[in-house]
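So the structure is just underneath, and the comments pick up after that.
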Amino acid sequence: QVQLVESGGGLVQAGGSLRLSCAASGRTFEGWSMGWFRQAPGKEREFVSAIRWTAGNTYYADSVKGRFTISRDNAKNTVYLQMNSLKPEDTAVYYCAAGPYGPVASPALYTYWGQGTQVTVSS
């Protein structure tokens, strides 16, 4: 059974940093991509960043480029999202996802999803 488990969310002041983790298990993800998405109340789920599991190539939404960094530790089967210079508009539930394409921005192309972790940025 495939599981994606996010952790690392919390409350932080604007300008601060958080690092999210996504621990993956249940299958091999070689050749797949891992993505981070977020969803704020009343808004649609939006793409944040993605990384190709094997090759390591990355993709970022314009809104987070230069502030967020995605990385992965193949030995630990874990993907990270380092979030710096956080803004109140970054407040959302952040989801980890895995898909056989990519790295791509469309949530429809991801097969497995985690349960999400809340990130709240206060002004």
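The values are calculated or read from the model by the stated rules, or taken from the named source; none is laboratory data. Since we're looking at a predicted model, the values are computed, not measured. Cβ placement follows ideal geometry from the backbone for every residue including glycine, while neighbour counts extend to all protein chains displayed. Accessible surface areas use protein heavy atoms only, side chains included; no ligands, DNA or RNA. Shrake-Rupley method; radii C 1.70, N 1.55, O 1.52, S 1.80 Å.
For residues in the stretch 1-57 being hydroxyl-bearing (Ser, Thr, Tyr) and within 12 Å of Tyr80 (Cα to Cα), which is most open to solvent (accessible area, probe 1.4 Å)?
In this case the residue turns out to be Ser7.
One line per residue, one yes/no per condition, for (1) free of Cβ contacts under 8 Å to residues at least 12 places away in the same chain; (2) under 10 Å from Gly35 (Cβ atoms):
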site	(1), (2)
Gln82	no, no
Lys87	no, no
Asp90	no, no
Val104	no, yes
Leu109	yes, yes
Thr117	no, no
Thr120	no, no
Ser123	no, no
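It is to be established whether one or more residues within the stretch 82-93 are at pLDDT 95 or above, open to solvent by 60 Å² or more (accessible area, probe 1.4 Å) and in contact with a helix residue (DSSP H, G or I) (Cβ under 9 Å, 6 or more places away or on another chain).
Within the stretch 82-93 (the criterion being at pLDDT 95 or above, open to solvent by 60 Å² or more (accessible area, probe 1.4 Å) and in contact with a helix residue (DSSP H, G or I) (Cβ under 9 Å, 6 or more places away or on another chain)), the answer is no, since none of the residues qualifies.
Count, please, the residues in the stretch 59-75 that happen to be in a strand (DSSP E or B), open to solvent by less than 70 Å² (accessible area, probe 1.4 Å), touching a residue at least 12 places away in the same chain (Cβ under 8 Å) and out of contact with any Leu (no Cβ under 9 Å at 6 or more places or on another chain).
The qualifying residues number 1.
So which residues in the stretch 12-34 are basic (Lys, Arg) and touching a residue at least 60 places away in the same chain (Cβ under 8 Å)?
Scanning the stretch 12-34 gives a single hit, Arg19.
Scanning for something surrounded by fewer than 16 Cβ atoms within 10 Å (Cβ to Cβ), in a strand (DSSP E or B) and modelled with pLDDT of 95 or more, does the stretch 95-116 turn up at least one residue?
No, the stretch 95-116 has no match at all.
Kindly indicate whether Ala75 is of a type in the set (Gly, Ala, Ser), out of contact with any strand residue (DSSP E or B) (no Cβ under 6 Å at 6 or more places or on another chain) and modelled with pLDDT under 95.
In short, yes.
Out of Thr91, Thr111, Thr117, which single residue is hydroxyl-bearing (Ser, Thr, Tyr) and within 11 Å of the chain's Cα centre (by Cα)? Full working, then the answer.
Working: Thr91 fails: within 11 Å of the chain's Cα centre (by Cα); Thr111 fails: within 11 Å of the chain's Cα centre (by Cα).
That would be Thr117, the only listed residue that is hydroxyl-bearing (Ser, Thr, Tyr) and within 11 Å of the chain's Cα centre (by Cα).
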